[in-house]
Amino acid sequence: MFLYRSLPGIPLPVLCLLLPLAAAFVPFGFFLYKKIKCWHKGADFVCDINLRPLKIFFIVVLTANIILSWSVWTGMDKGGTELFVLSSGGWSQTLSPGSPMLIKAVLQVDVFGAMSAFLMGCVAFIAGLAAMADKNDTLNLSKVSFFLTTLAGIQGIFYSGGIFSLFFFILISQIGASGLIYGIIKTKEKFRELLWYYISRITAMLMFLTGSIILYYNYRTTNIAVLSTIIKLGTNEKLAYAFLVVPLLFLFVKSSSYVTDGSKRVFFAIRAQAALFVVFRIVFSLYGPLPGLEKIPNLFILLGLVLIFVSLILTANEKDPVKFAEAVELFMKGFLMLSMGISISGTYTAQAAAEYGFGAIESMVAMWILFLPTSAALSFVCCTLKQQTEDGEMWQHTGLFRKIPLSGAAFFFAICVIAGIPPFVGFPAKQFLYRSSSYVTPLLTIFLLVSAMLILLISVRYISRVMFGKPTEAAEKVRNGDIQVMIPLIMLFVFLFYSTITPSLFINSMVSPSVYSLLNKGQLVNAIHQGGNSE
Amino acid sequence: MIPTLETGYFIWNFTAWIKIFLLSAVIFCFLIYVIKKKTGGNLISSKKMREYGEDQDEVISEQRTAMLRSKIMGPWFDFPFLHLLSMVLLFLLFAVALFSGSGVE
């Protein structure tokens with residue numbers, strides 16, 4: 001009855017969360033219904049389903065998700081934060097001063113989270129379109145269900161204000177992602193084969209939970225805004241820091257296994273982006289530049305350098321397109337990690353912040369936004385190159401540009417964005433980082449410039465080896481190679497192209513408000529205690 | 001093209017940065033041209049290329065990179081418990097950065 005009464009005033013972010021979560025259970029419910037029906041009749045279980053209604057249902061949910069997340073984003077003030085509290089009187093957005101109500105805030109949405117949710121919704125829609133067009137691995141009930149579960153989990157991560165709720169949504173997205181990679185495990189042999197995978201994921205979840213419990217035990221709250229105003233760095237807090245950050249960093253770097261399905265790879269990229277979002281929240285919004293964390297920036301810079309170095313080695317002589325895409329993604333992750341280190345070091349003093357700190361954070365957020373569309377474009381192209389032909393796989397041939405021109409162009413565009421070549425949108429994102437890194441040491445700037453140049457050369461050589469030259473006999477017989485990913489690639493191209501020709505708009509509408517809300521450490525709580533309302 | 005790039009904190013001269021990059025690209029292209037001319041069409045000197053045979057696709061640096069990947073990095077990537085190991089390693093690194101006393105004041 002209470003739930004029924006609270007339905008009419010349900011806020012948009014809550015609806016945004018409930019929609020994919022509820023939709024994920026619909027295919028599962030249908031599956032159970034069919035199973036019970038077969039069991040009742042005593043017949044063998046066959047889950048036959050008409051694909052058309054399933055596809056329509058899937059696309060309607062993804063479209064509704066875009067519209068809702070867009071409404072949430074556009075409804076936010078620049079750099080503002082909104083609370084959504086469910087109490088006995090229904091939904092409200094106000095809190096009284098001095099009350100412990102903040103702890104009970106169901107959702108806490110800021111511009112960074114709202115923008116991320118919208119961006120993710122768009123890319124999920126694009127991935128959904130690609131999944132529907134895929135003829136090699138057609139859409140089925142479990143695939144739709146796992147896609148939507150992952151989507152709901154990630155949506156929740158972007159709208160969460162507490163560490164416990166973050167844990168809950170990370171767990172949901174992990175269930176969805178594991179299901180997408182390996183499906184439903186039915187045999188003991190398969191389970192044994194994947195034992196180490198499950199152990200590592202369970203360990204990651206348990207580590208995050210341990211960090212959350214340590215903070216709750218010490219402060220009786222896990223709300224990030226509240227914690228940021230009262231946290232003092234002791235042994236417990238340091239331990240919690242490591243427990244919270246390490247599993248998410250791992251999930252960010254190793255977001256997926258070897259998968260040749262483009263749409264699934266895009267969902268794993270979404271998940272990697274969400275994992276880094278949680279790290280941002282913990283590092284910048286929760287802890288910030290506390291005394292005692294001075295060595296953390298150096299560690300992030302070191303990890304970034306290692307990732308860039310490893311990615312250059314992995315791409316140098318790689319032939320397999322999916323592995324190549326993974327290695328290029330690793331390069332982007334290295335840059336992100338490094339920019340995070342410089343950003344943290346730039347927030348310790350006002351002078352450092354003014355000189356390079358804010359520039360580094362803006363660069364970090366800009367690269368973080370671009371990570372998803374570029375890795376999605378790479379995934380689609382590289383999975384297209386994995387298609388079977390009469391004589392091996394497509395990437396084993398030459399002269400493919402005439403057969404898959406769109407893939408070739410999208411690959412080139414994505415690489416230029418990743419390498420930060422002007423005038424592509426990666427350039428404004430990276431120039432802040434180059435400037436900031438020179439404050440740490442000019443050697444770092446030179447390393448970054450040289451590595452960007454190397455990744456560009458390696459990638460251009462890779463794509464020209466496949467696309468140009470005399471077409472092989474089997475390559476001549478390839479038909480409509482990139483027709484399946486044509487619409488998704490065009491949509492990604494539109495986003496990247498639009499950001500390229502209007503870099504100011506990209507920075508001002510997406511990056512700057514996100515940076516402001518990311519650094520809006522505890523100001524919401526202070527405003528409540530001083531003024532009375534969340535507004 | 002927009003000449004300046006304004007953010008919440010800085011205003012950048014966008015065209016000036018592009019000029020710097022284009023100048024770097026021109027210098028880079030010129031260097032490549034000179035190297036190619038001196039080594040008879042190859043980035044590796046013709047003398048070294050003869051040592052490894054003319055019909056070889058991969059130059060020495062690529063062979064070394066491939067060896068580094070297959071002999072040193074490959075076995076690590078094949079470990080079934082690599083994910084767990086990397087998490088433990090990451091945790092240790094963070095523990096050292098958080099709890100070690102010496103170094104930064």
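Since every read-out is calculated from the coordinates, none of them should be taken as a lab result. Here the structure is a predicted model, which is why all the values come from computation and not from measurement. A quick note on method: Cβ atoms are made from the backbone with ideal geometry, for glycine too, and the neighbour counts reach across all protein chains shown.
Observations on the structure shown:
- Remark: spin-label model distance A:THR63-B:SER70 equals 5.1 nm, labels positioned 7 Å along the Cα→Cβ axis.
- Note on A:428-435: average number of Cβ atoms from other chains within 10 Å of each residue's Cβ is 3.
- Relative exposure of B:TRP76, B:TRP17, judged by other C-beta atoms within 10 Å (fewest first): B:TRP76, B:TRP17
- Taken along the Cα-to-beta-carbon direction at a fixed 7 Å, the label points for A:TRP39 and A:THR203 span 3.7 nm.
- Measuring max minus min along each principal axis, the C-alpha atoms of segment A:294-520 give extents of 64, 33, 23 Å (largest first).
- Net charge dipole, segment A:203-306: roughly 100 debye, given to the nearest 20, about the Cα centre with Cβ charges of +1 for Lys and Arg and -1 for Asp and Glu.
- Listed residue (A:GLN351, A:GLN484, A:ILE455) projecting farthest to the positive dipole end of chain A, Cβ model: A:GLN484
- The order of A:ARG52, B:ARG69, A:ARG271, going from fewest to most other C-beta atoms within 10 Å of their C-beta, is A:ARG52, B:ARG69, A:ARG271.
- Adding -39500 (n - 2.57) for every DSSP H run of four residues or longer, then dividing by how many residues chain A holds, sets the calculated 222 nm ellipticity at -23000 deg cm²/dmol.
- Sites A:PHE28 and A:TRP70 - FRET efficiency at Förster radius 30 Å, r taken between beta-carbons, to 0.05: 0.60
- For trypsin sites (Lys or Arg not before Pro), the sites in segment A:440-521 that DSSP calls loop and that have at most 11 other Cβ atoms within 10 Å are A:ARG479.
- Zone of A:SER142's modelled label, taken as backbone nitrogen in segment A:158-184 under 15 Å from a point 7 Å along Cα→Cβ: A:175-184
- Working note: Cα atoms of segment A:324-434, range along each principal axis, descending, whole Å: 63, 23, 16.
- If you bin all the Cα-Cα distances of segment A:146-203 at 10 Å, starting from zero, the percentages per bin are 24, 44, 25, 6, 0.
- For segment A:395-516: Kirkwood Rh in Å [reciprocal of mean 1/r, alpha carbons]: 16.4 Å
- Each pair of Cα atoms in chain A enters the Kirkwood radius, and Stokes-Einstein at 20 °C and 1.002 mPa s then converts it into a translational diffusion coefficient of 89 µm²/s.
- Over segment A:230-368, the fraction of Cα-Cα pairs per 5 Å bin, rounded to whole percents and listed from the shortest bin up, is 2, 10, 18, 22, 18, 13, 9, 5, 3, 1, 0.
- Average partner coverage of A:242-251, which counts Cβ from other chains inside 10 Å: 4
- Subtracting the Cα-Cα distance of A:THR502 and A:ASN236 from their residue separation scaled by 0.36 nm leaves 91.1 nm.
- From the alpha carbon centroid of segment A:324-355 to that of segment A:152-208 is 27 Å.
- Using the average count of surrounding beta-carbon atoms within 10 Å as a protection proxy, the listed peptides A:290-300, A:197-207 rank, highest first, as A:290-300, A:197-207.
- Counting only other chain Cβ atoms within 10 Å of each residue's Cβ, the peptide A:360-370 averages 1.
- Label point distance in nm, A:GLN388-A:ILE483, each placed 7 Å from Cα along Cα→Cβ: 1.9 nm
- Restricted to Cα atoms, segment A:120-182 shows a radius of gyration and a Dmax of 12.6, 41 angstrom.
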